[in-house]
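Take a look at the structure below.
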Amino acid sequence: MLSIIKTRNIKYKIVFLFFLHSFLSLKTNATNYFVNDGATTGDIYCSTAGANTAGRGLSSTSPARTLRWLFTTYSSSLTNGDTIFIDAGTYGRGGADATTNDSKFDITTAGLTFKGAGIGITIFDNNSYGTNTDYFMEISANDTRLLDFTVQEYEGGAPNSGTTVSGVNTGGQAITINGAQNIILKNIIVLKKC
């Protein structure tokens, strides 16, 4: 009887180790991507300013300048478990450090994480630009995580951003979850500046 119990325990340990190895193998295939504005002030992930040039966005010492550029450049390479680190700065359509088109992100790859440097530190600001169909992000993939950033001014009346229903502009659409499950929004704030 003792040898049967030992054999069963060994089988359980082998199965457990197999699953543990499989899980860890999946995580080693994940890629970290990096976005940083035009400065390093307040940065916690990147040591240099971002630039939208070939080869950028794959390391903290060579970040992309905008989420739009990184997303367009690497969207076909994104896989479950990848993390996009977005450092301190305002990514938007107004002000001295303006970028264009940091909106309309359609998340169709499951398991992506978008991690900012903190609420009020990493800011996506549409500045009420765009059409009445503008939005920040539509998530239709399971297990997506949005962590530690601010989204603001993705709302307004026509012709600015917002959602149109039956020809009537109904206001903002910052983040939409479209049939996806296990979505985590942690330390995310959506604002309209006053």
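Each value in this text was obtained by applying a stated rule to the coordinates, not by laboratory testing. Just so it is clear, the structure is predicted and the values come from calculations on it, not from any experiment. Backbone-built Cβ (ideal geometry, glycine too); neighbour counts: all protein chains shown.
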### Task
Decide, for region 27-73, between rounded, prolate and oblate: order the square roots of the alpha carbon gyration tensor eigenvalues as a ≥ b ≥ c, take rounded if a/c falls under 1.5, and otherwise choose prolate if a/b is larger than b/c, else oblate.
oblate
### Task
Output the peptides 115-125, 46-56 sorted from most to least packed, where packing is the average of other Cβ atoms within 10 Å over each peptide's residues.
115-125, 46-56
